[in-house]
Amino acid sequence: MSVLTAADLRVSYGETEVVHDVSFEIGEGETLALVGESGSGKSTTAHALLGLLPEGGRVTGGRVLLGGLDISGWSDRALRGIRGPEVGLVPQDPTTSLDPVRPVGVQVAEVLRLHGHRDRRARRARVLELLDRVGIDDPSLRARQYPHELSGGMRQRVLIATAIALRPRLLIADEPTSALDATVQKRVLNLLDELQREDGTSILLVTHDLGVAADRATRIAVLKDGRVVEHGPSAAVLADPVDPYTRRLLADAPAFATGFRRPEAPPFLRDAAAVAAENPFVIVADGLVKEFRVAGRERFRAVDDVSFRVRRGTTHALVGESGSGKSTTARLVTRFLRPDAGTIALAGEDVTTVDGAALRALRRRIQLVSQNPFASLDPRQQIADIVAEPLHNFRIGSRAERRERAVALLDRVALPAELARRRPHELSGGQRQRVAIARALALEPEIVVLDEAVSALDVTVQARILDLLASLQAELALTYLFISHDLAVVRRLSHTVSVLHRGRIVEEGPTDELFHDPQHAVTRELLAAVPGQIGITA
């Protein structure tokens with residue numbers, strides 16, 4: 001029996017139709033994945049099913065059947081009666097979906113209260129039961145904590161607890177793990193699978209990643225420009241995709257072996273004798289230690305005796321879960337933080353304690369591209385001014401020369417010159433990340449540190465940015481320090497890898513060797529967490 005059916009669903013914003021005649025159904029205990037890039041219409045479709053479209057959006061045609069009940073055209077008040085008891089929603093971002101000023105237990109209990117559970121003691125018992133059910137340790141403590149006191153994975157589990165509180169027949173999971181590390185993502189998706197097995201819950205999984213869909217979905221519907229371009233059993237869609245767009249998504253998914261070439265090793269990796277007369281290492285980190293004060297606790301050691309070397313013109317990846325110390329290590333190397341112990345040498349020069357003018361001069365040699373391009377770009381500035389800002393800060397060139405250089409840099413990262421007068425909010429996520437890369441190149445640095453620089457992007461946009469980084473490296477002889485939690489992405493770009501766990505390096509070596517013969521349990525766990533395992537060890 002069908003739990004939910006969408007028939008010829010159409011959605012518009014103003015006069016513009018963005019979802020066109022979308023049809024699918026979800027059976028009892030089944031997982032259907034809606035797959036597509038940002039802007040494909042998948043989240044709009046999912047939210048339209050529950051009447052949760054943002055202001056200006058409206059369903060303009062088609063029907064939505066919940067079981068045998070036609071809920072098309074129901075008022076918001078009427079739909080509130082099925083949100084929770086019949087259909088639960090797990091939203092994408094736990095940071096923005098939870099109220100920062102209320103304990104998480106209160107927020108889970110609120111769903112029960114709104115749907116008639118009047119007994120406060122019974123509500124509290126149910127909240128603790130739910131938090132325990134979704135695998136949160138010490139539920140009584142966690143229920144009293146605020147969202148900022150929980151990890152990203154825990155916050156997402158709180159949202160799942162809220163969504164299943166009233167035992168719905170259907171869960172709509174809208175990119176429920178896109179903001180999480182690969183290992184945490186796997187645990188959350190395993191939790192959804194477990195709930196499905198135990199309760200027979202049906203799941204509509206919205207995702208941009210065909211690897212996730214391959215692992216978790218019974219059937220896949222691929223959306224492009226608001227239309228279903230391919231629909232069928234997961235195995236059939238993945239084995240023999242019919243539509244070119246599906247084939248592109250498959251090629252761009254980092255876990256799959258098709259559609260990309262691993263970067264070629266520079267000559268000095270193939271033949272050490274070629275550089276025997278010079279020091280080939282442009283980054284040498286030796287024994288780095290960094291501790292932070294935590295209120296009411298002992299000092300926390302985020303980086304503990306970390307050492308690695310990066311050859312000129314190559315990409316070295318620092319890999320690990322959130323909290324492993326990789327981003328802190330990156331900030332030590334870029335000297336945004338000073339190490340408590342250990343040394344950092346760039347191109348043979350010790351920069352561990354440089355300060356003042358010497359530290360400012362260091363910024364010309366090493367640049368950082370951060371994870372969130374929107375947060376790192378001034379929303380008030382035009383794109384040309386953002387790209388030219390490092391030139392302005394170092395008083396390089398006249399205003400006209402700086403603008404000319406900015407336009408040339410936009411061209412180098414494959415952005416059209418007409419974007420120069422726009423502002424960040426007018427660009428897509430991929431375009432904004434290209435702007436951040438262009439700005440990093442403005443001072444012609446030797447080293448670029450990429451801190452989760454593609455983790456917030458759809459797989460297709462991510463693939464284009466990785467291609468861009470590889471071509472820039474070849475053209476400009478750049479050295480990259482690449483920070484990531486995703487070994488599938490690391491495999492695509494890096495030559496060598498260090499795996500961090502709790503502030504220490506637990507394994508390191510050439511990328512191919514690490515993928516083919518991982519030695520440490522942490523590395524094996526990271527590899528096992530990569531969705532869509534086809535080709536991961538090819």
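Every number here is computed from the coordinates shown, using simple stated rules; none is lab data. Keep in mind it's a predicted model, so treat the numbers as computed, not measured. Cβ placement follows ideal geometry from the backbone for every residue including glycine, while neighbour counts extend to all protein chains displayed.
Before moving on, here are some points about what is shown:
- Kirkwood's formula applied to the C-alpha pairs of the stretch 337-438 gives a hydrodynamic radius of 15.1 angstrom.
- Surrounding net charge for Pro424, when Lys and Arg each add one and Asp and Glu each subtract one, Cβ distance under 10 Å: +2
- For the chain, lysine pairs separated by 8 or more sequence positions, or belonging to different chains, with Cα-Cα distances below 22 Å total 4.
- Across every direction, the projection of the convex hull enclosing the Cα atoms of the stretch 458-538 has a mean area of 5.8 nm².
- Annotation for the stretch 350-428: trypsin sites (Lys or Arg not before Pro) lying in DSSP loop with at most 10 further Cβ atoms inside 10 Å of their Cβ are Arg380, Arg395.
- Taking the average, over residues, of other Cβ atoms within 10 Å as the packing measure, peptides 227-238, 51-62, 156-167 rank 156-167, 227-238, 51-62 from highest down.
- The smallest convex shape that holds all Cα atoms of the stretch 125-171, its convex hull, gives 68 Å³ per residue.
- Cα-based equivalent ellipsoid, the stretch 278-403: semi-axes from gyration tensor eigenvalues, Å: 29, 20, 15
- Evaluated over the Cα positions of the stretch 49-120, the convex hull gives a direction-averaged projected area, one quarter of its surface, of 6.5 nm².
- Placing unit charges on each Cβ (+1 for Lys and Arg, -1 for Asp and Glu) gives the chain a dipole about its Cα centre, and among Leu472, Pro445, Ala361 the Cα reaching farthest toward its positive end belongs to Ala361.
- Gln381 paired with Asp225, simple spin-label distance in nm, labels 7 Å along Cα-to-beta-carbon: 3.6
- The distance linking the stretch 128-146 with the stretch 454-520 is 35 Å (Cα centroid to Cα centroid, whole angstrom).
- Most positive-pole-ward Cα, Leu346, Leu487, Ile203, against dipole of the chain from beta carbon charges: Leu346
- Ellipsoid fit via the Cα gyration tensor, the stretch 398-518: semi-axes of 31, 15, 12 Å, each the root of five times an eigenvalue, largest first.
- Orientation-averaged projected area, Cα convex hull of the stretch 1-129 (nm²): 9.5
- Relative intensity, log₁₀ I(q)/I(0), of the chain from a Debye sum that treats every alpha carbon as a point, q = 0.11, 0.12 Å⁻¹: -1.07, -1.24
- Ellipsoid equivalent to the stretch 43-84 - semi-axes via the Cα gyration tensor, in Å: 16, 12, 10
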